[in-house]
Structures are given as C-alpha cells and as structure tokens.
Amino acid sequence: MPLRWALAENETGGTLFADERLAERHVGKGAYAGMEFLHVNARTIINAVPTESRMPFRHTINPYRGCSHACVYCFARPTHDYLGLGIGTDFERKIVVKVNAVERLRAELRAPAWDGDHIAMGTNTDPYQHAEGKYHLTRGIVETLSGARNPFSILTKSTLILRDAAVLAAACERTDVGVSFSIGTLDRSVWKLTEPGTPPPDRRVEAVRRLTAMGIPCGVLVAPVLPGLSDSEAQLTEVVEACAEAGARSISGAALHLRGPLRKHYLDWLEGERPDLVRLHRERFGRGAYQDDEERQRIEGIVKLAARRCGVTGRNPYRGRRSVGTGDQTEPLVQAAVQPGGRGRATAAEAGHQLRLL
C-alpha cells in the first residue's frame, strides 16, 4: 500500500520508515471492525525533540500514529496529512503501527550515545488507544524502559492502562515514572459529543484512584477546555474535586487551541453539531490559533485555585526535566505538549516542530 511517508527535509533517506514507502495493510476484525492497521518498520523509535523547542523534555516515543479515540479537537490530527491521509476519519480509522517499536527501543537504549534521558509518551497520539489492546507495543516499551531503569512518563485518556498497572508499579520501584490522565470534563453529553472513542470520564477518574492506590503517581490535565461546552467554573471545579478525591498528585488546566488545518476541521464539525456556538468560537479564535491571554488565564486560574482548595499542590508527574536558560527551571510537560511555547502564542516554527514529534 503506497503512502507518502516523507515528513521533513532532514529525515534520513527522505522517509520515516524503512520499508521503501510501503505499508502492510491489515483490516480490523471483531472489536476492531471498521479500522485499518498500517504496519511499518520505524527507522528509529526514540525521537529527539528539536533543540529550539520549549518543551521540557528532550525525547519522545510514539508507537502509533492516528488515534481511534476520535477526539474532534485533537492537535495531532494534522500529522496524518504528512502521510497523504486525511485528518478526519482517516486519522481515526487508519492507524499506523510501528511493529518493530520494542525491538528498536532495545537497540537504541544499548547505544553508547544514549544517556538515559527521560522519555515522554502520549505527546502525539494516545499510547493506550484501542490498537494497544491488539499490539501490546506500549506494554513492551514500558517493560523495556523499566528493565533499563530509564525514566519515563505517559499521558493517556484510556483505562486500558490499568491492564499494565502491575508492570507500571514494578517500574516505579526501578526508575522515575509519571502517569497523567487527560480529563477535560465530567459531563457525559460533552464527552460523547467531542471524544466518542474514549472511556467515560468517570472511569478515568476511577483509574486515577486505582493506580494511585498502587503507588503509581498520577496527575490530571483538565484539557482541552472547550468554549461553551466545558468552560464554566462549576464544570471545571467538578473535575478538579473528583480528581483530587481520587488521589491525583497534581491537577492543571489548559484551554482549547486550534492550529493549522485543525481549525477548519473543528469549526466545520461545530457547524454541524453545535451551530449555536460557532459565533463564540469565531470571536474567541478571531486572532489566531489561541484564545486571548485573559481567557486562558481564567481557565488555568479556576483549576489552580480549586486544586489548592482541595489540597493538591504537587508537581505534575508527567513532565521531563531540562534546563531553561541559566537556571535549573522546568515547565509543566503536559501544558507544553498541549500548548507549545508555554505562555503566549506558539510560533509557526514551533507548531511545525510539534507535528514532527513522531
């Protein structure tokens, strides 16, 4: 199945994968009916973040591209466009599977040049999406990193991570491990409308409780917060209180942003599903990909204050560590992953770099 695998001008050999631009196509059956899995062999699996990026981690692993969680707002959708695939249903149904991910990781961790740096997972698409139930690549990666005592972190919306709870607990005894859940709302009507392929939000809260009880540090990212759908103070406070009660070590919030082709995809979807909110969104995003500072700070402030009231003041476990400037400063990994550039607006270059974290 020929596809356009070229991503960036500096990609080794001009392609992402070592299979001469061919992918082996597998049609999903049973629980995976309606999906296609495109098997590829990755040239590398540990991806270096561009040095100019402000993200507070230097390396990532993403065993899958595309995501069946089908979150309408997903910032990773445009990555499918680089492959010559669509950012709509193709992104949700045609999942690229790096079938050699675990083998490549073992080899790369043994390389003399590897220094054992923190590795972030979930920076592009969810490592515990439905495909993981079939391929078990994330589990293999976790076991390999644990065996090498290499620190890592995971961001997910999936309760499938509970299947690997014992493996994660064992890893916590060997190295630094952080898990964070993305839980943007507890409103089931909003959840069904905007992220239909994910487990219900209350089940994610319960997953926080269960993992925390096993000694696995968990944080929560209340994000993305959607204008007119999940951005009221009452809604945000409800999420914070539930996650705090479940034992979340840290809780932070981030507003929706719409960069590049995602903007049109989201607004077209909104026209069909919630036309009453189109005007609000066009006002909020009239000047670009981000809402104004006042709105973003309002959302972050509500979440921060609610977390403090609940006694949650810990450092988010889902973050790497890097030096910024001359001091030993870091920024929250989750916020940086969702909102490149941290405070203020991302440049076009930064936006492009994020889409290259593959």
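The values are calculated or read from the model by the stated rules, or taken from the named source; none is laboratory data. Keep in mind the model is a prediction, meaning the values are calculated, not measured. Reconstructed Cβ throughout: ideal geometry from the backbone, glycine too, with neighbour counts over all protein chains shown. Note: areas computed on protein heavy atoms with side chains; ligands, DNA, RNA excluded. Shrake-Rupley method; radii C 1.70, N 1.55, O 1.52, S 1.80 Å.
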Looking at the stretch 329-347, is at least one residue farther than 20 Å from residue 78 by Cα, open to solvent by less than 50 Å² (accessible area, probe 1.4 Å), at pLDDT below 50 and not in a loop (DSSP other than H, G, I, E, B)? yes
Over the stretch 237-246, the set of residues among the aliphatic types (A, V, I, L, M) and surrounded by fewer than 24 Cβ atoms within 10 Å (Cβ to Cβ) is 242, 244, 246
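Conditions (1) at pLDDT below 95; (2) open to solvent by 30 Å² or more (accessible area, probe 1.4 Å); (3) over 25 Å from residue 28 (Cβ atoms), marked per residue:
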site	(1), (2), (3)
107	no, yes, yes
124	yes, no, no
140	no, no, no
157	no, no, no
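Any idea which of 279, 249 is modelled with pLDDT of 95 or more, buried (at least 20 other Cβ atoms within 10 Å of the Cβ) and farther than 28 Å from residue 80 by Cα?
Details: 279 fails: buried (at least 20 other Cβ atoms within 10 Å of the Cβ).
When all the criteria are applied, what remains is 249.
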Residues (out of contact with any Ser or Thr (no Cβ under 7 Å at 6 or more places or on another chain) and free of Cβ contacts under 8 Å to residues at least 60 places away in the same chain) located in the stretch 186-203: 186, 188, 189, 192, 200, 202
When every residue in the stretch 20-48 that is open to solvent by 70 Å² or more (accessible area, probe 1.4 Å), free of Cβ contacts under 8 Å to residues at least 24 places away in the same chain and part of a loop (DSSP other than H, G, I, E, B) is compared, the one farthest from residue 84 (Cα to Cα) is 29
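Yes/no per residue for (1) small (Gly, Ala, Ser); (2) at pLDDT 90 or above:
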{"residue": "31", "(1), (2)": "yes, yes"}
{"residue": "49", "(1), (2)": "no, no"}
{"residue": "52", "(1), (2)": "no, no"}
{"residue": "57", "(1), (2)": "no, no"}
{"residue": "71", "(1), (2)": "no, yes"}
{"residue": "79", "(1), (2)": "no, yes"}
